[in-house]
1. Provide the three semi-axes, in whole Å and in decreasing order, of the ellipsoid equivalent to segment 207-318 as defined by the square roots of 5 times the Cα gyration tensor eigenvalues.
2. Taking the Cα centre of the chain as origin, work out the dipole magnitude from +1 charges on Lys and Arg Cβ and -1 charges on Asp and Glu Cβ, in debye rounded to 20.
3. What shape does segment 293-452 have by the C-alpha gyration tensor, where a ≥ b ≥ c are the square roots of the eigenvalues, rounded means a/c under 1.5, and otherwise prolate means a/b greater than b/c and oblate the rest?
4. Past the 22 Å Cα-Cα mark, which pairs from Lys143/Lys182; Lys122/Lys166; Lys275/Lys382; Lys256/Lys382; Lys46/Lys366; Lys256/Lys406?
5. May I ask which residue of Ile337, Ser402, Ala303 lies farthest towards the positive end of the charge dipole of the chain, with charges of +1 (Lys, Arg) and -1 (Asp, Glu) on Cβ and the Cα centre as origin?
6. Which ³J(HN,Hα) values, rounded to whole Hz and listed in residue order, are derived for segment 355-369 from phi using the Karplus coefficients 6.51, -1.76 and 1.60 in 6.51 cos²θ - 1.76 cosθ + 1.60 with θ = phi - 60°, glycine and proline given as x?
7. Let me spell out the model: positive unit charges on the Cβ of Lys and Arg, negative unit charges on the Cβ of Asp and Glu, origin at the Cα centre of segment 163-213. What dipole size does that give, in debye rounded to 20?
8. Report the charge-dipole magnitude of segment 330-445 in Debye, nearest 20, computed about the Cα centre from +1 at each Lys and Arg Cβ and -1 at each Asp and Glu Cβ.
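Nothing in this text is a laboratory measurement; each read-out follows from the coordinates by a stated rule. Just so we're clear, the structure is a prediction, and the values are computed from it rather than from any experiment. Virtual Cβ from ideal backbone geometry, glycine too; neighbours counted across all protein chains shown.
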Amino acid sequence: IIIQVSILSLICIYKIMSQEIKGFSKLSKKGKIDWLVKTCFKNDEKALHILKKYWNSDDSLQKLHDEFSENSISNYYLPFAIAPNFFINKKIYVVPMTIEESSVVAAASKAAKFWMNHGGFKAEVLKDEKIGQVHLFFHGKKKLIQEYFDFIKPTFFKNTQSITKKMNSRGGGIMDIKLIDKSSDLPGYYQIFATFKTADAMGANFINSCLEEFAKIFTNSIKLFNNDELKFDDIEILMSILSNYVPNCIVKTQVKCHVNELNSLEPNTPNFAQKIIQAIKIADIDIYRAVTHNKGIMNGIDAVALATGNDFRAIEAGAHAYASRNNKYKSLTNAFIKNDIFHFELKLPLAIGTVGGVTNLHPLVKLALGILGNPDSKELMKIIASVGLAQNFGALRSLVTSGIQKGHMKMHLINLLNKYEADENEKKLAQIYFKENTVSSASVENFIKKIR
Ligand code: MEV
């Protein structure tokens, strides 16, 4: 047994070692692909073929995409779809959405159409402030750090002018800088806590550059303080980084209509409006439901964020943290009936931009912003939030009526047919057959077997 285990371990180590490579990033694109195809596909030409198939024939466009990321070897396609009829603040938008889940755009479009005929979305940006922190440890006398911070605070503003000048001219900049004592949570731990406005940029680079400068200023200006009690080694900067939790960068969007109008949308579901409200109440009390509920909202939000070149991971992280801001993870949407009017609203933090990042570089992102009429960042916040609300409406509407699978699988049918490499004629037959029959992985497989 010992010999067998040893041999197995050696094989395992050999396998791991044969996949290890040093200096991969320094190889040419061809070198990287050759290594990959040899190492992961035993030189199978099919792998090479797939990678090349997704290259763009326009060399300069391909180069642009290659340069977005280190070690890029091909392009990864996602659908670039359109959800029309978004009526937001009395303006009609055609919304670009990038998402692979087949029913999302259909659901958003359907919801947008309904609300377009019922006054549309009313959206507003409530706050637009971002946050960044320098995390540090202080080992000296407690009262000294606050005194030193107060002394040096004007220098934070003054010595970052080369970074902030352009942002100031666009109406943004550093709003405030505070010292926060966190030493009761973690011995010696303090934060330089700064708030920013970043105009039409998401602002990550701007904020991080300011913070790193604050950190340098804080460590290098001790001599100026001229107090022997404060020693250079007393201050230990750990890290400087923006926060993706932006509870002061908030957008709210809402729709409303007479409860009877909403109920008449689903005549076969008694008390449809009440059922939507109950579904949200459940998401408020049950985390299992809440996460799925909010995921549905993020289907729409991420899709527009991605299409417009925004960092959807930052948005996701911030949104879920906001959903648990009162120490309980809850629904991001809310609904109620007042004086026979059904109100449905979404409030969430959105740190996005319409300039900077890939927004000015990626041709499809530029096009997406063009489709939206080149909004500024606040207008884009309102659009993105409204798509999130529409998405939640679409999901809840399906869930409390026919169930999600009917619409979902209808849209997914084409993917299942593609899995069996169905030709156009087979697809046509399937569309007819599945009008009357339930779509599932098994039923599509059976159908294909039968007709073949
Ligand atoms: C699926 O991507 C999203 C839903 O699960 C959202 C929800 O349950 O509310 C349908």
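1. On the way: eigenvalues 522, 49, 32 Å².
Here the semi-axes work out to 51, 16, 13 Å.
2. On the way: 58 positive and 44 negative charges, 139 e Å.
Computed about the Cα centre, the dipole is about 660 debye.
3. Working: a/c = 2.53, a/b = 1.50, b/c = 1.69.
It comes out oblate by the Cα gyration axes.
4. Details: Lys143/Lys182 14 Å; Lys122/Lys166 32 Å; Lys275/Lys382 26 Å; Lys256/Lys382 16 Å; Lys46/Lys366 34 Å; Lys256/Lys406 27 Å.
Check vs 22 Å cut-off fails for Lys122/Lys166; Lys275/Lys382; Lys46/Lys366; Lys256/Lys406.
5. Of the listed residues, the answer is Ser402.
6. Values per residue, Gly and Pro as x: 10, x, x, 8, 4, 9, 10, 6, x, 6, 5, 4, 5, 4, 5 Hz.
7. 260
8. Using Cβ point charges on Lys, Arg, Asp and Glu, segment 330-445 gives about 380 debye.
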